[in-house]
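Participant: First, the structure itself, so that you have it in front of you.
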Amino acid sequence: MQIAVIGTGNVGGNLGRAFARAGLHVVFGSRDPGGSTVAGDTTAKVATVADAVTGADVVVLAQPGGEVSDFLRTHAAALDGTLVIDAANRFPGPVLHSAAEVAELVPGARYARAFSTQAWETFRAPTWDGVQGDLFFAAPDTDRSTVEQLINAVGLRPQYVGAGEQTMLDPLLFVLFSAFERLITENIAGSRSILSSLGVHDGDQLRNTPSNLAPRRSIDRRDRSLRAPGEPG
Ligand SMILES: NC(=O)c1ccc[n+]([C@@H]2O[C@H](COP(=O)([O-])OP(=O)(O)OC[C@H]3O[C@@H](n4cnc5c(N)ncnc54)[C@H](OP(=O)(O)O)[C@@H]3O)[C@@H](O)[C@H]2O)c1
C-alpha cells in the first residue's frame, strides 16, 4: 500500500513519519521537496505533490483546508480510484470537511475522514499517563480496516462512527476547542501554543463554540489526552 501524505507540516509530518515507522510505504507531497527534512529518520520519501499522488493507493490530505479544492482539481486524474483520507479542516466552516468537494471533483475516489479531531501533538505523542487517545473516523465499510491500520500506526485507538458520517465528526473539533478553552481558563502553560498550532488565535472565537456538544465525561477525557507532555495536570 503506497500512501501519499500531502503537506509536510505538523499534521502531515507526524502522521507520515508514524506510518513509515509502522513499515508502510510513505511518500510526502511537498511544494518544496528538495528543501524538506520531513522524513526525519524514517524510510519515507519526499516528492512533488504530483509525483506523490501518482501510484498512491491512499492519499492523506494534511494541507490547509482552503487549499484542498485546488489540489483535487489539479490532481483529479491521479486521485481517481484512491482512498482520500481527509485530515484538513476548512476554517472557518461551517462545514470543515471536504467530502462534497471530493465527490464532485474526483467522483472515482473513495472518501474517509480521520485525523481531523485531535491536535498534532497527539499524533506525535498519543499516550499520556498510560491513557491511549481515541481517534474518531468515518470511512466506507470496505476501507474501514485500512483507516484503522493507519490510526493504530499513530498509536491511537480507532473509533468508527460509520460510512459517510464525516459531518458527525466536525463538532468534535469544537469539543477540542472547548477543552482548550478550559485549559486557558485554568491558565495551564502551553495551551496557547497548542491553540496557535491549530490556527486558532482569537479567544473570542473559542468562547463562541458549542461546548455542550458532548457529555462532560468526554470533554474531561479530552483534557487528559490533550495535555502536552510535561504539562502539569
Ligand atoms: N494543527 C493541528 O493540530 C491540526 C489537527 C487536525 C487537523 N488539522 C488540519 O490539518 C491541516 C494541516 O495542519 P498543520 O497544523 O499541519 O498545518 P501546517 O503545519 O501549516 O502544515 C501545512 C502544510 O501544508 C502544505 N501546504 C500546501 N499548500 C500550502 C499553503 N498554501 N500554505 C501553507 N501550507 C501549504 C505545506 O507543506 P509543503 O510546504 O511541504 O508543501 C505545509 O507544511 C489543516 O487543514 C488543519 O486544519 C490540524
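Read-outs throughout are calculated quantities, based only on the coordinates presented, and are distinct from any laboratory measurement. None of these values were measured; they are calculated from a predicted model. Heads up, the Cβs are rebuilt from the backbone with ideal geometry, glycines too, and the neighbour counts pull from every protein chain shown.
Participant: Please compute the length gained on full extension between Ala125 and Thr48, using 0.36 nm multiplied by the number of residues separating them and subtracting their Cα-Cα distance. Spell out each step's value before the answer.
Facilitator: Working: separation 77, 0.36 × 77 = 27.72 nm, distance 2.78 nm.
Going from the current span to full extension adds 24.9 nm.
Participant: Multiply the residue separation of Thr167 and Glu104 by 0.36 nm, subtract the distance between their alpha-carbon atoms, and state the gained length in nm to one decimal. List each step's numbers first, then the result.
Facilitator: On the way: separation 63, 0.36 × 63 = 22.68 nm, distance 1.66 nm.
Additional length available on full extension: 21.0 nm.
Participant: Within 10 Å, count the other beta carbons around each residue, average over each peptide in 159-165, 56-62, and list them highest first.
Facilitator: Working: 159-165: 14.6, 56-62: 25.0.
The packing order, highest mean first, is 56-62, 159-165.
Participant: Can I ask one more? In nm, to one decimal, how far is the modelled label at Asp80 from the one at Asn152, with both set 7 Å along Cα→Cβ?
Facilitator: Label-label distance for Asp80 and Asn152, simple model: 3.3 nm.
Participant: Let me have the relative contact order for region 53-115, percent, based on Cα pairs under 8 Å that are six or more residues apart. Present the calculation step by step, with values, prior to reporting the outcome.
Facilitator: Values: 112 pairs, mean separation 23.6, N = 63.
After rounding, I find 37 percent.
Participant: Among Thr167, Thr43, Thr82, rank each residue by its count of other Cβ atoms within 10 Å, from fewest to most, as a rough exposure measure. Let's see the in-between values first.
Facilitator: Values: Thr167 15, Thr43 12, Thr82 21.
Ordered from fewest to most neighbouring Cβ atoms within 10 Å, Thr167, Thr43, Thr82 come out as Thr43, Thr167, Thr82.
Participant: Then there's this: Rounded to whole Hz and in sequence order, give me ³J(HN,Hα) for region 16-27 from the Karplus expression 6.51 cos²θ - 1.76 cosθ + 1.60, θ = phi - 60°, writing x for Gly and Pro.
Facilitator: Coupling constants for region 16-27: x, 5, 5, 4, 5, 5, 7, x, 8, 8, 10, 10 Hz.
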